[in-house]
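The values are calculated or read from the model by the stated rules, or taken from the named source; none is laboratory data. Bear in mind the structure is a predicted one, so any value in this text is a computation, not a measurement. Reconstructed Cβ throughout: ideal geometry from the backbone, glycine too, with neighbour counts over all protein chains shown. Quick note on the areas: whole protein, heavy atoms, side chains included, nothing else; ligands and nucleic acids left out. Shrake-Rupley method; radii C 1.70, N 1.55, O 1.52, S 1.80 Å.
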Amino acid sequence: MDRLSVKVLRREDEAALYAFECANRAYFERYVPSRGDAYYEPESFRQALQRLLTEQANGAGYYYLIWHDDTIVGRLNVHHIDDETGEVGYRIGADYGGRGYATAALQQLLTFEFLKLNRLIAETTSDNVASQHVLLRAGFTREDEVRQMEWEGQVLTFYTFSYQNDR
């Protein structure tokens, strides 16, 4: 894992991130709702990236890329931030799952000194056992909260996990 790093999202990463998102679109859309066709058009993607960079500059969200050497293997975000809590989301590319990258990236995130939030939360579907294991290994605990949503004619059940920052 020494060659794994979590780096803040930058404008200079646009081309590599766009290639990562396009290459993994079908894979991601098997598990989460699509971002829509427009997201994958270069100009729309550029605008979406700019919105994230603006949120990051304003402290409304923290957006990271997970790198292995010089290759993006995933994304890691902290968003929906209020005074004490942020919501964590992550995605690992199709060719990189099962290697511990998500767990290692979350563990790195939890060491970032500027991340002064008291609590982080994350959600995963009840059938995404791999993601549940990632969160537990990174130090999150499963809460009793359960949420349901309909997607493509199915009812999905989401579990909530939380991490308490003791700083």
Exercise. Working out 0.36 nm times the residue gap between Asp83 and Leu136, then minus their Cα-Cα distance, what length gain in nm do you get to one decimal?
Worked result: 16.6 nm
Problem set entry | In region 63-135, trypsin sites (Lys or Arg not before Pro) in a DSSP loop with at most 12 other beta-carbon atoms within 10 Å | Lys116
Seminar exercise, completed: Here, Arg99 and Glu55, labelled 7 Å along Cα→Cβ, have an inter-label distance in nm of 2.7 nm
For this session: For region 18-161, with all protein chains present and a 1.4 Å probe, just round the carbon and sulfur fraction of the accessible area to a whole percent.
Result: 48 percent
Exercise. Which whole-Hz couplings ³J(HN,Hα) result when phi for each residue of region 89-102 is put into the Karplus expression 6.51 cos²θ - 1.76 cosθ + 1.60, θ = phi - 60°, listed in order with x for Gly and Pro?
Worked result: x, 8, 8, 10, x, 3, 7, 10, x, x, 10, x, 5, 5
Seminar exercise, completed: Note: probe point = Cα of Asn118 + 7 Å toward Cβ; backbone nitrogen < 16 Å; residues of region 138-167 passing the test are 162-167
Seminar exercise, completed: In nanometres, the difference between 0.36 nm per residue of separation and the alpha-carbon distance of Tyr27 and Asn165 is 46.4 nm
Exercise. With charges only on Cβ, +1 for K and R and -1 for D and E, what is the dipole size of region 1-108 about its Cα centre, in debye, rounded to 20?
Worked result: 220 debye
Seminar exercise, completed: Per the rule of 0.36 nm per residue minus the C-alpha distance, extending Arg147 to Thr111 adds in nm 10.1 nm
For this session: Return one whole number: the accessible area per residue of the chain in Å², for a 1.4 Å probe.
Result: 56 Å²
For this session: Calculate the length of the line joining the C-alpha centroid of region 21-53 to that of region 84-148, in whole Å.
Result: 21 Å
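Where does the chain land on Rg(C-alpha)/(2.2 N^0.38 Å)? Each step should come with its number before you reach the end.
On the way: Rg = 15.6 Å, N = 167, 2.2 N^0.38 = 15.4 Å.
My calculation over the Cα atoms of the chain gives 1.02.
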